[in-house]
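First comes the structure, then the notes that go with it.
None of the figures in this text is laboratory data; all of them are computed from the coordinates on show. Please read these numbers as outputs of a predicted model, since none were measured by experiment. Methodologically, a virtual Cβ is constructed for each residue, glycine included, from the backbone with ideal geometry; neighbour enumeration extends over all protein chains shown.
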Amino acid sequence: MIEVKDLCVDLGEFVLEDITLNIEEGEYFVILGPTGAGKTVLLESIAGLYPVKSGKIWLRGKEVTSVEPEKRKISIVYQDHVLFPHLSVKDNIVFGLRMNRATMDEQKNRLNWMAELLGISHLLHRQPDTLSGGERQKVALGRAIITLPELLLVDEPLSALDPETRESVQQELRQLHRALGITILHVTHDFEEAIALGNRIAVIGEGRLMQVGTPEEIFRHPNSEFVARFAMTRNIFLGKAERNPSGDTMFKVDGTDFIIAADTDGLHHASIRPEDILISSEPIHSSARNCFPGTITTVTDKGSTLYITVNIPPELSCLVTRHSFEEMELHEGKKVFLTFKASSIHLFD
């Protein structure tokens, strides 16, 4: 569907370098990265809004690197919606059809179809300034999709919305993708949003592609410290792997030996997700091969969940529910035990 090869875009103060991507027909593909990483530059380069210094872009087998934006059959939705304030919802949605000189019957049929699909039929007579943020985003989506583009680009579509509305529009995007089978390229800095929506994710940082994979691969098997930190792994260490006399592979950090499920040696980085670590007041007898005593040094309250940092050493962060936190009477200075599987420790170079 989309092939990007060795793409370089030079904007003077910022350079997008050596981006190579292949996005399949009908895929929901997410570009994930921090502010200033180059996500929007990549999106707009695919749309044809920036001149390409080098590299190629193909859309359905046709090279479009130098093709004008309006001829690429691509629609784009921005986080600030960019609705025409002087036009009604109805006129905003059919604007693209009118520009393409669609007949009145075609405009009416497509409008009714799109309004029903998005559940906004009751808003068609309204003006944009009377709509909520979520309603404006739905109208912007309707305007982008009604022209039946080959590719839909969405740039941070949920970032300006409150949590409840964000979840509603996220569900809307899922339903649109399923109903239309359209290829969607979605830019976000929110890791949870990327996991919830993406078939695959590309992590980008400082203008470079860091890792491409399924949500599970990015979440469980980051290939660098940058990706691990951005995926909220929290527990990242530099240590040495070596075999012990019994044949187990140990990972040595700050004088502590972790048993790992890897056949390797030498210096590596390792990561352990907080939710993979079980905290208890007494040692737990289970198949998990790592169990260590430690002292709680920090409690970070996140509402329904809390991050508990325990010094073994090293310091490890684990995730608990509020119910577990209260039931175990956890607090800074308390002695506890941390238990986790050998397979929970992921190594990368």
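Cα to Cα, under 29 Å, and not fewer than 8 places away if on the same chain: which lysines meet these conditions relative to residue 240?
252, 335, 341
How large is Rg over Rh for the chain, taking Rg from the Cα atoms and Rh as the Kirkwood inverse mean of 1/r across Cα pairs?
Dividing the radius of gyration by the Kirkwood radius yields 1.07.
Which residue, chosen from 189, 153, 237, occupies the Cα position most advanced towards the positive end of the dipole of the chain, where the dipole is computed from +1 (Lys, Arg) and -1 (Asp, Glu) charges on Cβ about the Cα centre?
153
Identify the GluC sites (Glu not before Pro) of segment 9-95 meeting these criteria: DSSP loop state and at most 15 other C-beta atoms within 10 Å of the C-beta.
13, 24, 25
Have a look at 232, 104, 250 and tell me which one the Gaussian network model of the chain (Cα, springs below 10 Å) gives the largest fluctuation.
104
By DSSP, what percent of the beta bridges with both residues in the chain are antiparallel, rounded to the nearest 5?
75 percent
Taking every pair of alpha-carbon atoms in segment 233-348, what share in percent sits in each 10 Å bin, from 0 to the bin with the longest distance?
14, 47, 29, 9, 0
Counting only helical runs of four or more DSSP H residues, what would the 222 nm mean residue ellipticity of the chain come to if each run contributes -39,500 (n - 2.57) and the total is spread over all its residues?
-7500 deg cm²/dmol
How would you rank 278-288, 333-343, highest first, on the average number of other Cβ atoms within 10 Å across their residues?
333-343, 278-288
Give the separation of the Cα centroids, segment 152-211 to segment 282-349, in Å.
Cα centroid to Cα centroid, the span is 31 Å.
Debye calculation, C-alpha points only, no solvent: report log10 I(q)/I(0) for segment 162-246 at q = 0.12, 0.16, 0.19 Å⁻¹, in the same order as the q values.
Results for segment 162-246 at q = 0.12, 0.16, 0.19 Å⁻¹ read -0.47, -0.73, -0.93.
Give me Rg/Rg_expected for segment 178-311, where Rg uses Cα atoms only and Rg_expected = 2.2 N^0.38 Å with N residues.
Against the empirical 2.2 N^0.38 Å value, I get 1.27 for segment 178-311.
In a shell of Cβ-Cβ distance under 10 Å around residue 56, excluding residue 56 itself, what net charge do Lys and Arg (+1) and Asp and Glu (-1) give?
Charge balance in the 10 Å sphere: -2.
Find the Cα radius of gyration of segment 71-170, compare it with 2.2 N^0.38 Å by division, and give the number to two decimals.
1.02
State, as an integer percentage, the relative contact order of the chain based on alpha-carbon contacts under 8 Å between residues 6 or more apart.
Relative contact order of the chain: 16 percent.
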